[in-house]
Amino acid sequence: MTTDGEDWRGDPRWLELTLEKRAAALKRMDVIKRYLALESRSAAKADDCAAELGIGRSRFYGLCKLWERTASPVPLAPYSEPVVPKRPSVKAERAAEIETRIGSALGSTRDRTPNVIVDAVARGWGDKTKPPARETLRRFVLQAIAKEEAGDGELLRREANEVARGFGEVIIFDHCLVDIFAEDGPNPTRPTLTLAIDLFTGAPIGHAVALAPPNAEMIVAAIADATLRSANLSGVPVRPRIVFGSSYSADWTRLFRRFKSSGIVVSGRRSPELPFGAPTARLVGPRLGRLRLLARAGHEEDGSTAGFDPATHPVLTLEQARTVIVTNIATVLTERLGDAGGCPLHFDLVDEVEEMAEGQHQSGN
């Protein structure tokens, strides 16, 4: 049991670990418990235990302290994150260096895709100092691009001919696969994730998860989640404009009619093949917290199942997969909105019964 009373087997960080890392964490736990149970401990006995685990004595003592503090094997896993992650801060001198390097990168290309600029800055950083985390670089890149586009220093974001000058003005809906596997009959499958992404901040404010290709109902579910998730934010409520891609199938046509009946301003491209992952890659990035997102695999026939290895990949239930995804969404929201960012989103989407009644009323006039 963990110190807060939760079973560590349900910890999202545990569920995300590969089977190999789980086995390593459990072995470390067993050796540490055996060492701590000794009536007489010594440096020699600690060295024996450390050698059994293939680590040094100092590292072994550190893992012992982690175990005593958490009573969980989760932080014992190789390359595990800190139990209480620290939010990074950027000092003024460091910020100036980041801004200078980003300015140089922007000046060398006409491409304004945030992740392209982030990659260019990271590659050209050099060996004298360690480059900042990708999320930090991305935040500075977005600020630089917005200021460059506005000209007068006003912050703004652009996507699909829409411009946002603040949180909640424009919400982008997109789909991708999450690189974890969940039970789906005989073949474990990567879950499909539909995100409602705030254009201004890149915050994934709403979501829906399914073991099926994306569909119109996942957009509706993501709207409901965004409405609920934003309800307690402190800003002045806004009614967003919506951007999403769709196919020509009947379910997407019905959704367009619902938006029209609700008075929601909608833009986006309709095509035979459903758009998949590009806005997420631009606005959120290649990862959602600790989870890898697959932007192109949705267009591949076996994208949701390719690469599964029963010896390496744990298979989660759908509810466990949802728990893992929700936990990582919460982490990204904290990073991008802070403690006081954002505001309630009022989509006011009418239900299908109301939409049908409205359509019958109009046809009768």
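The values are calculated or read from the model by the stated rules, or taken from the named source; none is laboratory data. Just so you know, these numbers come straight off a predicted model, no measurement behind them. These area figures cover heavy atoms from the full protein model, side chains too; ligands, DNA and RNA do not enter into them. Shrake-Rupley method; radii C 1.70, N 1.55, O 1.52, S 1.80 Å.
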For helix 19-36, report the angle its Cα long axis makes with the longest principal axis of the Cα atoms of the chain; keep it between 0 and 90° and round to the nearest 10°.
-> 40
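What accessible area per residue comes out for segment 152-293, rounded to a whole number of Å², with a 1.4 Å probe?
On the way: 5730 Å² over 142 residues.
Heavy-atom SASA per residue in segment 152-293 reads 40 Å².
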CD proxy, 222 nm, the chain: helix-only mean residue ellipticity via -39,500 (n - 2.57) per DSSP H run with n ≥ 4, per residue, nearest 500, stands at -14000 deg cm²/dmol
Calculate how steeply helix 92-107 sits against the longest principal axis of the alpha-carbon atoms of the chain, using the helix alpha-carbon long axis, and give the answer as 0 to 90 degrees to the nearest 10.
-> 50
Could you pull out every one of the lysines with an alpha carbon less than 27 Å from that of K65, ignoring same-chain neighbours closer than 8 positions?
-> K21, K27, K33, K45, K86
In the chain, how does Rg compare with the Kirkwood Rh, expressed as the Rg/Rh ratio over alpha carbon atoms?
-> 1.03
Share, in percent, of DSSP beta bridges within the chain that are antiparallel, nearest 5 = 65
Once both axes come from the Cα atoms, what is the angle between helix 216-230 and the longest principal axis of the chain, in degrees from 0 to 90, rounded to 10?
-> 70
Most mobile listed residue (N232, N328, N215) in the chain, GNM with C-alpha springs under 10 Å | N232
Computed over segment 168-292, Kirkwood Rh from alpha-carbon pairs, angstrom = 15.1
